[in-house]
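Heads up, the thing below is written out as structure tokens.
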Amino acid sequence: MQGNNKSLTDFPTMHRPDIQSLASEHKKLLSTMTLEQRDIYDRIMLCVAENRGGLFFLYGYGGTSKTLIWRAISAAIRSKGEIVLTVASSGIAALLIPGGRTAHSRFIIPTNVDEDSTCNIKQDSPLAELIIKSRLII
């Protein structure tokens, strides 16, 4: 759109994130976290705030509120008008996270993967720009 001197504000019917509802959701999600969940949340958010980058592996059995943590982090960052890309390995898991997509779909990963496979993201493409502008990829 930028190449055509357009923005989302030129399309009033286009869905845009509701910053206030995201902030409200974030506050609600934080209030339901255990101390351990809040510690994990705080560690990840500190890396995001300090632009340090990092890799976190959040592991737990079903029902251990991993999705709660991802939803809270996503709401916190998106409520500031910033971009979070949420991906999962399966379509079912992607449905559990707001804005979620499968990793294959988001990053154009080939269906048949081998040792020579790479993502098909072109330099300077809209997807490449989106990834660059993202504050976090879940």
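Within the stretch 86-103, restricting attention to residues that are touching a residue at least 40 places away in the same chain (Cβ under 8 Å) and in contact with a Gly (Cβ under 8 Å, 6 or more places away or on another chain), which residue is nearest to residue 45 (Cα to Cα)? Among those that are touching a residue at least 40 places away in the same chain (Cβ under 8 Å) and in contact with a Gly (Cβ under 8 Å, 6 or more places away or on another chain), it is 86.
Here's the yes/no breakdown for (1) at pLDDT below 85; (2) among the basic types (Lys, Arg); (3) not in a helix (DSSP H, G or I):
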site	(1), (2), (3)
3	yes, no, no
16	yes, yes, yes
24	no, no, no
30	no, no, no
43	no, yes, no
46	no, no, no
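Being assigned to a helix (DSSP H, G or I), among the polar types (S, T, N, Q), over 17 Å from the mean Cα position of the chain (by Cα) and modelled with pLDDT under 95 holds for only one residue in 67, 9, and it is 9. Within the stretch 26-43, if we keep just the residues that are aliphatic (A, V, I, L, M) and touching a residue at least 40 places away in the same chain (Cβ under 8 Å), the residue that is surrounded by the most Cβ atoms within 10 Å (Cβ to Cβ) turns out to be 29. Looking only at the stretch 117-131, residues that are without any contact (Cβ under 8 Å) to a residue 40 or more places away in the chain and either under 16 Å from residue 85 (Cα atoms) or surrounded by 11 or more Cβ atoms within 10 Å (Cβ to Cβ) (or both) come to 9 in all. Among the residues here, residue 106 qualifies as basic (Lys, Arg) and touching a residue at least 12 places away in the same chain (Cβ under 8 Å).
Here is a yes/no grid of residues against (1) of a type in the set (A, V, I, L, M); (2) at negative phi:
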position	(1), (2)
65	no, no
80	no, yes
92	yes, yes
95	yes, yes
103	yes, yes
113	yes, yes
138	yes, yes
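The set of residues in the stretch 70-85 that are surrounded by fewer than 19 Cβ atoms within 10 Å (Cβ to Cβ) and not in a strand (DSSP E or B) comprises 80, 81, 82.
All told, residue 60 meets the bar of being small (Gly, Ala, Ser), touching a Lys or Arg at 6+ places or on another chain (Cβ under 9 Å) and either over 15 Å from residue 134 (Cβ atoms) or part of a loop (DSSP other than H, G, I, E, B) (or both).
The values are calculated or read from the model by the stated rules, or taken from the named source; none is laboratory data. Quick caveat, the model's predicted, so the values are computed rather than measured. Heads up, the Cβs are rebuilt from the backbone with ideal geometry, glycines too, and the neighbour counts pull from every protein chain shown.
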